[in-house]
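S.K.: Quick one: this structure, given as structure tokens, is what I'll be asking you about.
The values are calculated or read from the model by the stated rules, or taken from the named source; none is laboratory data. In this text, all values refer to a predicted model and were calculated from it rather than measured experimentally. Neighbour counts are summed over all protein chains in view; Cβ atoms, including those assigned to glycine, are modelled from backbone coordinates with ideal geometry.
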Amino acid sequence: MATLAQPLAPQLPLEILDLSKAQDWLEYRNILERFRILRAAGPVHYCPESGVGPYWSVVTHHHVMEVEGRPDVFSSRWDVGGITIFDRKPEVDEPPLPMFIAMDRPEHTEKRRTVAPAFTPAEMLRHEPLVRRRTAELLDSLPLGEPFDWVDRVSIELTTGMLAILFDFPWEDRRLLTFWSDTATDVEAFENPERDKERWAVLYEMAAYFMRLWNERKDAEPRPDLISMLAHAPATRHMSPQEFMGNLVLLIVGGNDTTRNTMSGAVMAQNLWPDDWNRMMADPALIENGVSELIRWQTPLAHMRRTALVDTELAGQRIRAGDKVVMWYLSANRDEAVFLEADRFLPERPNARRHLSFGFGIHRCVGARLAELQVRVLLEEMQRRRLRVTLADEPVRVYSPFVHGFRKMPVVVDRA
Ligand code: HEM
């Protein structure tokens, strides 16, 4: 077989190729346009230099699935590179943060098994009445005709509250979960060594807080909350303090920063595609599919990263052992070869469930059912109240090439 010395796809300018700059993600339309150019030019592209070093970008649906489907070649391991486009910074003594999303088989398998029982269909049925009651109460408390921030008042409140329930976390302190999640993913802090130190100090405080809960629960009877599950399961009972912290960050970020952005995305869809949205609101039978479509269209995590463990080939490109490979879910979900009129929010889209927002394969999001439940209940309760949410100002986006969503969303609510 011929060896490929050069990348096959045409070399595009860095302004198109380099998607790692957080600043660029504030200009969302521009990012979507760049992904369109990249997809048209080929499925896999090499970015030879950037603030995070060289890396490959995988931009089509088919090839993102291929990378996800070869986990023994494309590794998630934290100690070879981890799961985001950013690398650890050992030069500033950044401690490792092992979490099971950033492990390969077989270690990953047994740790994932520990938390999976918290997300079964039976558990979802158990949670639904409480999720519905909290959502209904919150929507009923919103001011009509007065501007407020949807992100803070609705998206954060609902997802943070859900996480507090899953952890059986002290209710009055639940906003700490939001604070810790935002701190863990704060790209501005990551870029600035002083702020990064403060970031780590906050994460250690988080670990100390959880350690208290852990110690209480490990000596008590097992219960169905996530901390008790981790404290009693043989695969996780003896985690090191670093791994304990890593898995907390995983569950907190997983449960907070993602679903939150889909809930804010619901407002964007309503404002950008009002006819499509209103059709869904007029026909509750469309809501279930509409939830998948919303998660596709909004795509809360823009990417996951892998590192090649051996020399290999992907879409005709030669990838070398150690290369960083970034799978852009946002681009795969807008791939016109799979999703017609991909930029549009279309509640009856026949293949909405093929979206890759939850990833694919052995790491596919363990919390997917919970996310779908929360978003479905929100849409159903909005539908019942005929709630119309109108943007009152430009939303502020998250400064990050990883978490893809909204920091602020000024809205006015009324009833149609
Ligand atoms: C719309 C909401 C959500 C999205 C878009 C999302 C997205 C993702 C993605 C992309 C992955 C990695 C998949 C891969 O590498 O193939 C993942 C894994 C994970 N997610 Fe989610 N997630 C969401 C909600 C949640 C919730 C609510 C929780 C828990 C409370 C959660 C917990 C996790 C965990 C623990 C993993 C690691 C799974 C593993 O490595 O086996 N996620 N999620």
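S.K.: Those residues that are more than 22 Å from the chain's Cα centre (by Cα) and either within 21 Å of I85 (Cβ to Cβ) or surrounded by fewer than 16 Cβ atoms within 10 Å (Cβ to Cβ) (or both), I need them from segment 273-307; list them, please.
M.R.: The answer is P274, D275, N278, R279, A282, D283, P284, A285.
S.K.: So, one more: Within segment 147-176, can you find the residues that are part of a helix (DSSP H, G or I) and aromatic (F, W, Y)?
M.R.: Answer for segment 147-176, where residues must be part of a helix (DSSP H, G or I) and aromatic (F, W, Y): W150, F167, W171.
S.K.: I've got another one for you. Among D87, D104, which is outside any helix (DSSP H, G or I) and crowded, with 16+ Cβ neighbours inside 10 Å?
M.R.: Within the list D87, D104, the selection yields D104.
S.K.: Okay, next question. Among all residue pairs at least 6 apart or on different chains, which show Cβ distances below 8 Å where the first residue, located in segment 248-262, is closer than 19 Å to T299 by Cβ and more than 6 Å from the ligand (Cβ to nearest atom) and the second is of a type in the set (G, A, S) and part of a helix (DSSP H, G or I)?
M.R.: What qualifies is V253/S181; V253/A184; N256/S181; D257/S181; R260/S155; N261/S155.
S.K.: Still on this structure, I have one more. Please work out which one of (1) more than 19 Å from G254 (Cβ to Cβ); (2) among the β-branched types (V, I, T); (3) assigned to a helix (DSSP H, G or I) is the condition V115 fails and give its number.
M.R.: So V115 meets the others, but not (1).
S.K.: Separate question: When you scan segment 213-231, do you find a residue that is closer than 26 Å to R88 by Cβ, in a helix (DSSP H, G or I) and free of Cβ contacts under 8 Å to residues at least 60 places away in the same chain, even just one?
M.R.: yes
S.K.: Now, a different point. I'd like the full set of residues that are among the acidic types (D, E) and over 22 Å from the mean Cα position of the chain (by Cα), limited to segment 44-103.
M.R.: E49, D72, E91, D93, E94
S.K.: While we're here: Provide a single number: the residues in segment 351-369 that are among the aliphatic types (A, V, I, L, M), surrounded by fewer than 21 Cβ atoms within 10 Å (Cβ to Cβ) and more than 6 Å from the ligand (Cβ to nearest atom).
M.R.: Of the residues in segment 351-369, 2 are among the aliphatic types (A, V, I, L, M), surrounded by fewer than 21 Cβ atoms within 10 Å (Cβ to Cβ) and more than 6 Å from the ligand (Cβ to nearest atom).
S.K.: For T114, only one of the following conditions fails: (1) more than 16 Å from the ligand (Cβ to nearest atom); (2) at pLDDT below 95; (3) among the hydroxyl-bearing types (S, T, Y). What is its number?
M.R.: So the condition that T114 fails would be (1).
S.K.: Return yes or no: is E348 at pLDDT 95 or above, of a type in the set (D, E) and either within 13 Å of the ligand (Cβ to nearest atom) or surrounded by 18 or more Cβ atoms within 10 Å (Cβ to Cβ) (or both)?
M.R.: So E348 does not fit the description; no.
S.K.: Right, here's the next one. Kindly evaluate L378 against the criterion of being surrounded by 15 or more Cβ atoms within 10 Å (Cβ to Cβ), within 26 Å of G81 (Cβ to Cβ) and within 16 Å of the ligand (Cβ to nearest atom). Outline the logic, then answer.
M.R.: Details: surrounded by 15 or more Cβ atoms within 10 Å (Cβ to Cβ): yes; within 26 Å of G81 (Cβ to Cβ): no; within 16 Å of the ligand (Cβ to nearest atom): yes.
Answer is no for this residue.
S.K.: A further question on this structure: Go over the candidates F179, F244 one by one and state the one that is free of Cβ contacts under 8 Å to residues at least 40 places away in the same chain, closer than 28 Å to M382 by Cβ and part of a helix (DSSP H, G or I).
M.R.: The unique qualifying residue is F179.
S.K.: Sort out which residues of segment 182-201 are crowded, with 17+ Cβ neighbours inside 10 Å, without any contact (Cβ under 8 Å) to a residue 24 or more places away in the chain and not hydroxyl-bearing (S, T, Y), and write them in order of number.
M.R.: Listed by number, the residues that qualify are D186, A189, R199.
S.K.: Filter segment 323-340 down to the residues that are part of a loop (DSSP other than H, G, I, E, B) and more than 21 Å from P300 (Cβ to Cβ), then identify the one that is nearest to the ligand (Cβ to nearest atom).
M.R.: D323
S.K.: Now, a different point. Take the residues in segment 212-271 that are small (G, A, S) and under 25 Å from F345 (Cβ atoms); name whichever of them is nearest to the chain's Cα centre (by Cα). Steps first, answer last, please.
M.R.: Step one: list which residues in segment 212-271 are small (G, A, S), which gives 220, 228, 231, 233, 235, 240, 246, 254-255, 264-266, 269.
Adding the requirement that they be under 25 Å from F345 (Cβ atoms) leaves 254-255, 264-266, 269.
Numbers: G254: 6, G255: 8, S264: 13, G265: 13, A266: 16, A269: 18 Å.
Only one residue fits best here, namely G254.
S.K.: Also, quick follow-up: Note down all Cβ pairs under 7 Å where the first residue falls in segment 100-116 and is under 20 Å from T84 (Cα atoms), the second is at pLDDT 90 or above and hydroxyl-bearing (S, T, Y), and they're at least six residues apart or on different chains.
M.R.: I101/S76; A102/S76; M103/S76; D104/S75; D104/S76
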